[in-house]
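Readers should treat all values here as calculations from the given coordinates under stated rules, not as data from a laboratory. Not measured: the values here are computed from a predicted model. Don't worry about glycine lacking a Cβ; one is built from the backbone with ideal geometry, like all the others, and counts go over all protein chains shown.
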Amino acid sequence: MAAPGENLRIDGSRLWDSIMEMAEIGPGIAGGNNRQTLTDADAEGRALFKTWCEAAGLTLGVDRMGTMFATRAGEDPDALPVYVGSHLDTQPTGGKYDGVLGVLGALEAVRTMNDLGIRTKHPVVVVNWTNEEGARFAPAMLASGVFAGIHTLDYAYGRTDLEGKRFGDELARIGWVGDEEVGARQMHAYYELHIEQGPILEAEGREIGVVTHCQGLWWLEFTLTGKEAHTGSTPMHLRVNAGLAMARIFEMVQEVAMAAQPDAVGGVGQVTFSPNSRNVLPGKVVFTVDIRTVDQAKLDGMRDTIEARAATICEELGVGCAVERVGHFDPVTFAPELVAEVRGAAERLGYSHRDLVSGAGHDACWAAKVAPATMVMCPCVDGLSHNEAEEITPDWAEKGANVLFHAVVATAGIVE
Ligand code: HGY
Ligand code: MN
Ligand code: MN
């Protein structure tokens, strides 16, 4: 299909203004965002996005996971749509651009098609996936996982947050249970624009990441059972210390990840101690180990080693050890034909670019299970993300959205 002319560009300041307006919703405490999934702030962000979609003449559909699909009609009613989007939910101490750039970059591409009167063969659908982050309700990419048939709707509805609230109840509470069956939609292709969330593009002075793969992931939730006892009067040899077991497991995870270098990571982001009292040894410690690499065998090997060594550590300390695999996806290879569209667009537009493996997981990873999918990435300052200080430049946002626009229109096919 003919690609749009080299001179066609999105409106960078309109995109930036939309990102800044969305950033006003669910503000963090240090300049970023706390717009966690299914909170009132998420509902407010959804409402603003809905208003913008309607103003752009898009038709909004919502599925039973609350994912929002805003359609721009194509000329061929039988042609499957090109989907393009990301997520509006954030981490509790998230940045203004993680996910948001992808949803609003997709909206900007459609706004530009409207401005230029571009007609496409395939419809184009802008997507806001529910609960990409998995911060409040594990696992990450929950709605796109149900869409791809990885999880059942019941499993997703039953996920609970740290306060015991159920996903399904919270989705109903904010009024975003849609009527579409999840996964009923067929995709011709899926594109996602995202900040890199890593240091490579900025360090190399590249403007565009042509994403060829995404590393795979395991989230291993450990529940260690110790014995609650007085931290002052309990002699060391009488302690059943789940906290000590946790510390040794953390050290072991670091060791396993370092032994798996290059291109492997492992760590822990969330721990809960109970009763979490300063002078009570913990009776229960729950934490999630996050390990990732693009090599399948290495990923599963790290998982098996960590589970086995954790069991030994706990046995030596007399601590109970249970593990649940609460999140997983295999390493992803994105669709070569779409990767070529992204690379071609970056070249046509004269942007510096390099192939890239995504370190973070994205909804595109599950979309790739049901349709050809790929991603476009832009740099972020110091490679920092999942931190309120996350920052990108308007220029990076604009160039990423231009590449997205060109690739989407080329795939959707211009009708003269
Ligand atoms: O965990 C991830 O990679 C994504 O940010 N949800
Ligand atoms: Mn994201
Ligand atoms: Mn994220």
Quiz prompt | Whole-Hz ³J(HN,Hα) from phi, Karplus 6.51 cos²θ - 1.76 cosθ + 1.60, for the range 46-63, glycine and proline x | solution = 4, 5, 5, 4, 4, 4, 5, 5, 5, 5, 8, x, 8, 9, 9, x, 9, 9
Exercise. In debye, nearest 20, what is the charge dipole magnitude of the chain about its Cα centre with +1 on Lys and Arg Cβ and -1 on Asp and Glu Cβ, if you could check?
Key: 720 debye
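Note the full-extension length gain between residue 29 and residue 395 as 0.36 nm times their separation in residues minus their Cα-Cα distance, in nm to one decimal.
Values: separation 366, 0.36 × 366 = 131.76 nm, distance 2.60 nm.
So the chain would gain 129.2 nm between residue 29 and residue 395.
Could you tell me which of rounded, prolate or oblate describes the chain, using a ≥ b ≥ c as the square roots of the eigenvalues of the alpha-carbon gyration tensor, with rounded for a/c under 1.5 and, failing that, prolate when a/b is larger than b/c and oblate otherwise?
On the way: a/c = 2.15, a/b = 1.81, b/c = 1.19.
Prolate is the answer for the chain, as a/c is 1.5 or above and a/b outweighs b/c.
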Quiz prompt | Label-point separation, residue 355 to residue 324 (7 Å along Cα→Cβ), nm | solution = 4.0 nm
Quiz item: Relative to the longest principal Cα axis of the chain, at what angle does helix 100-116 sit, 0 to 90 degrees, rounded to 10?
Solution: 10 degrees
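Rounded to the nearest 5, what % of DSSP beta bridges with both residues in the range 59-199 are antiparallel?
Numbers: 10 of 20 bridges.
Around 50 percent antiparallel, to the nearest 5.
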Self-check item: Using alpha-carbon coordinates, inclination of helix 394-412 to the longest axis of the chain, degrees
Solution: 70 degrees
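If I take every Cα pair under 8 Å that is 6 or more residues apart in the chain, average their sequence separation and divide by the length, what percent do I get for the relative contact order?
Working: 985 pairs, mean separation 105.4, N = 416.
Worked out over the chain, it gives 25 percent.
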Quiz item: For the chain, what is the percent of antiparallel DSSP beta bridges, rounded to the nearest 5?
Solution: 70 percent
Quiz prompt | Qualifying lysines (Cα of each under 27 Å from Cα of residue 165; at least 8 residues distant if same chain) | solution = 50, 96, 284
Self-check item: Net charge over other residues, Cβ less than 10 angstrom from the Cβ of residue 31 (K, R count +1; D, E count -1)
Solution: -2
Quiz prompt | Kirkwood hydrodynamic radius (C-alpha pairs) into Stokes-Einstein, the range 227-379, 37 °C and 0.692 mPa s, D in µm²/s | solution = 177 µm²/s
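Classify the range 326-416 from the C-alpha gyration tensor, please: rounded if a/c falls under 1.5, else prolate or oblate depending on whether a/b exceeds b/c. Please report the intermediate quantities before stating the final value.
On the way: a/c = 2.07, a/b = 1.11, b/c = 1.87.
It is oblate, given that a/c is not under 1.5 and a/b is not larger than b/c.
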Quiz item: Which residues' amide hydrogens lie under 5 Å from the amide hydrogen of residue 60, considering only partners 5 or more residues apart or on another chain, with H built in the peptide plane?
Solution: 71
Exercise. Using only Cα atoms, locate the centre of the range 388-408 and the centre of the range 330-359, then give the distance between them in Å, rounded to an integer.
Key: 14 Å
Quiz item: Isolated Cys in the chain by the 4.7 Å beta carbon test?
Solution: 53, 214, 365, 378, 380
Quiz item: When the dipole is taken about the Cα centre of the range 122-269, and only Lys, Arg (+1) and Asp, Glu (-1) are charged at their Cβ, what size is it in debye, to the nearest 20?
Solution: 560 debye
Quiz prompt | Within a Gaussian network of the chain (alpha carbon springs, distance under 10 Å), most fluctuating of 343, 72, 239 | solution = 239
Self-check item: Cα-based reach from residue 121 at 16 Å (exclusive), listing aspartates and glutamates while leaving out same-chain residues under 8 positions away
Solution: 75, 76, 78, 416
Quiz item: Residue-wise, which Karplus ³J(HN,Hα) couplings in Hz belong to the range 270-282, taking 6.51 cos²θ - 1.76 cosθ + 1.60, θ = phi - 60°, and x for glycine or proline?
Solution: 9, 9, 10, 9, 9, x, 6, 10, 4, 10, 10, 4, x
Quiz item: Once amide H atoms are built 1.01 Å from N in the peptide plane, which residues 5 or more positions from residue 280, or in another chain, come under 5 Å H to H?
Solution: 231
